[in-house]
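Novice: Following this message is one structure expressed as structure tokens.
Throughout, read-outs are computed from the coordinates displayed, never taken from laboratory work. Here the structure is a predicted model, which means the values were calculated and not measured. Heads up, the Cβs are rebuilt from the backbone with ideal geometry, glycines too, and the neighbour counts pull from every protein chain shown.
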Ligand SMILES: Nc1ncnc2c1ncn2[C@@H]1O[C@H](COP(=O)(O)OP(=O)(O)O)[C@@H](O)[C@H]1O
Ligand SMILES: [Mg+2]
């Protein structure tokens, strides 16, 4: 599905990603884990074409991505960003509809029903300005907006950030449900324990490189990881 | 003192003129709201559009209002191309650069107009320019009524565009959340150019509506831009309803203070409003709180 080889990217002269190799196969949840500031969001931005890549290859669904955000969306690589980045001045309905601005426009009505079925809370608030939603609702909106583009791969950047423990649980359940419906997910998180519970494989990012990878079970059992991330 | 009829007539005339001010301010506030820049070439673009209308009339005898279907798309395309291929690439993402570039474009346009047409003042005289409609006790200028009606039509079309179409929604999305817009596949450079083009197209309509009662020379834009800027500040920078309301208010203030203080002092009322808004409500009538 997604094959990334030797990916390098950064901001101006500062290189943040220093050769990243990852892959996501059909049907998987792959967790990309790491502490704050290691380059997870930068990786997502490079994959979705909003940040130029300085070296490396991104092959998606068998085709190299050209490095523009429109190409990534066209191909079905949909990135739900950290901090939601919804359109606060627009209604909930307008936000969701804009998810199909470029892809999935034909099936907009049907997909809208699907989003509302997944998030009944959003259906109750279609006319509300998105900026007035709670944090959890905004996260649902961001994911709903992403679903409108009929993703072939969904990249979720810290969907649990800033949510109450109860909502975090709900969010991880949702990711699992979306995946059970056949959607591959690249789950980028700092929340190591819960991510590993639902992921099939995981990568650990440190300082712009992958320092560990394996099945979720292997990673969970790794003593070094336990020490570094779980404080055990 | 003045009779109520004269005062009400002045108010109506002010509203009619104000509708055109709103139209001139529309592009300025739209470009500010979406691209977050002040387009210093706005006035010069209006002058160019008025010359285009005048030229079409002088060369081909096209009636001023019938130039609208010609100059509006032409100025949309012009605005699109200039933003997409000149301002955008030259800006390198730095707003300071954009200000200088639009200032440069403004100087370029004004000098091109001076070179082409000289500094003479030109107008399109016709019987219609002086036609009057009697509405009860009031005498109203036909051309101004048409101008206000035209502005209203543009405002409605604009509202439909922004609220009903994907392109309009994309414009509103880009205005507030560029990264989010990018990630749903909106091409931000394209939307910037469309926005800039729409601003120029609105100026072209305004030019066609103005020419029956106004004159044009290469520096005419300055007078309008000062007013338009006051309208935008009064309404709230970047607010489209604000520009509409602000235009009407400014038109009325100008008309009333002209009546009470004399034509030459009419603009003092506008100036006082500008200062008061800045002192009392710097975000304007419809401006965002923070
Ligand atoms: N827009 C930016 N400009 C410059 N540096 C940035 C920018 N965004 C992030 N960085 C830097 O890149 C590094 C990685 O950031 P990020 O990818 O956001 O990490 P993470 O998502 O893992 O927390 C950090 O050192 C951060 O300061
Ligand atoms: Mg991050």
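Novice: At a 10 Å Cβ-Cβ cut-off, how would you order B:54, B:66, fewest neighbours first?
Specialist: Values: B:54 20, B:66 14.
In increasing order of surrounding Cβ atoms, one gets B:66, B:54.
Novice: Taking a ≥ b ≥ c as the square roots of the Cα gyration tensor eigenvalues, with a/c under 1.5 meaning rounded and otherwise prolate when a/b beats b/c, else oblate, which class fits the stretch A:19-76?
Specialist: Values: a/c = 1.75, a/b = 1.19, b/c = 1.47.
Oblate.
Novice: Could you work out, residue by residue across B:168-179, how many beta carbons of other chains sit within 10 Å of that residue's beta carbon, and then give the average as an integer?
Specialist: Mean inter-chain Cβ contacts per residue within 10 Å come to 5.
Novice: 222 nm [θ] for the protein assembly as shown, helices only, -39500 (n - 2.57) per DSSP H run of 4+, per residue, to 500?
Specialist: Values: 21 runs with 288 residues, N = 522.
Computed mean residue ellipticity for the protein assembly as shown: -17500 deg cm²/dmol.
Novice: With a/c under 1.5 counting as rounded, go ahead and sort the stretch B:47-108 into rounded, prolate or oblate using the C-alpha gyration tensor (a ≥ b ≥ c being the square roots of the eigenvalues; past the cut-off, prolate if a/b is larger than b/c, else oblate).
Specialist: Working: a/c = 4.34, a/b = 2.51, b/c = 1.73.
Note, shape of the stretch B:47-108 comes out prolate.
Novice: As a test of understanding, state the convex hull volume per residue of chain B from its alpha carbons, in Å³. Mind dumping the intermediate values first?
Specialist: Details: hull volume 40.0 nm³, N = 290.
Measuring per residue, one finds 138 Å³ for the Cα hull of chain B.
Novice: Here's a follow-up. Considering every residue in A:75-86, what mean count of other chain Cβ atoms within 10 Å of its Cβ is obtained?
Specialist: Numbers: counts 0, 0, 0, 3, 4, 2, 5, 1, 2, 2, 9, 4.
Neighbouring Cβ atoms belonging to other protein chains average 3 per residue here.
Novice: Then there is this: For the stretch B:1-136, what is the Kirkwood estimate of the hydrodynamic radius, computed as the reciprocal of the mean inverse distance between distinct Cα atoms, to one decimal in Å?
Specialist: Working: mean 1/r = 0.0568 Å⁻¹.
Its Kirkwood hydrodynamic radius stands at 17.6 Å.
Novice: Here's another thing I want to ask about it. At a 10 Å Cβ-Cβ cut-off, how would you order A:196, B:265, B:234, fewest neighbours first? Please report the intermediate quantities before stating the final value.
Specialist: Working: A:196 21, B:265 12, B:234 29.
By the 10 Å Cβ count, ascending, the order reads B:265, A:196, B:234.
Novice: Given a Förster distance of 35 angstrom, what is the FRET efficiency for residue B:281 paired with residue B:8, based on the Cβ-Cβ distance and rounded to 0.05?
Specialist: On the way: r = 28 Å, r/R0 = 0.79.
The pair residue B:281/residue B:8 has a calculated efficiency of 0.80.
Novice: While we're looking at this one, here's another question. What relative contact order, as a whole-number percentage, does chain A give when Cα pairs under 8 Å and 6 or more residues apart are counted? Don't jump to the answer; show the numbers that get you there.
Specialist: Working: 459 pairs, mean separation 62.7, N = 232.
So the answer I get is 27 percent.
Novice: P(r) of the protein assembly as shown in 20 Å steps, Cα pairs, percent per bin?
Specialist: All Cα pairs considered, the percentages come to 20, 43, 26, 10, 1.
Novice: Then there is this: Taking Cα pairs under 8 Å and at least six residues apart, what relative contact order does the stretch B:54-159 come out at, in percent? Walk me through the numbers before you get to the answer.
Specialist: Values: 39 pairs, mean separation 15.8, N = 106.
Computed value for the stretch B:54-159: 15 percent relative contact order.
Novice: Now a separate question. Please give the average number of partner chain Cβ atoms lying within 10 Å of the Cβ of each residue in A:103-110, rounded to a whole number. Please report the intermediate quantities before stating the final value.
Specialist: On the way: counts 2, 1, 1, 0, 0, 1, 0, 0.
The per-residue average across the peptide is 1.
Novice: Using Cα pairs closer than 8 Å and at least 6 residues apart in sequence, work out the relative contact order for the stretch B:200-270, in percent. Working shown, then result.
Specialist: Working: 45 pairs, mean separation 12.9, N = 71.
18 percent.
Novice: I need the shape label for the stretch B:91-164. Rule: rounded when a/c is under 1.5, else prolate if a/b > b/c, else oblate, with a, b, c from the alpha carbon gyration tensor.
Specialist: Numbers: a/c = 4.01, a/b = 1.45, b/c = 2.76.
It comes out oblate by the Cα gyration axes.
Novice: Could you sort A:180-193, A:9-22 so that the peptide with the highest average Cβ count within 10 Å comes first and the rest follow in order? Before the final figure, lay out each step's value.
Specialist: On the way: A:180-193: 18.4, A:9-22: 15.6.
Averaged packing, sorted descending, gives the order A:180-193, A:9-22.
Novice: Quick one, can you get me the convex hull of the C-alpha atoms of the stretch A:91-156 expressed as volume per residue in Å³?
Specialist: Values: hull volume 5.2 nm³, N = 66.
Looking at the stretch A:91-156, the number lands at 78 Å³ per residue.
Novice: Modelled label-to-label distance, residue A:66 and residue B:153, 7 Å Cα→beta-carbon offset: nm?
Specialist: 4.0 nm
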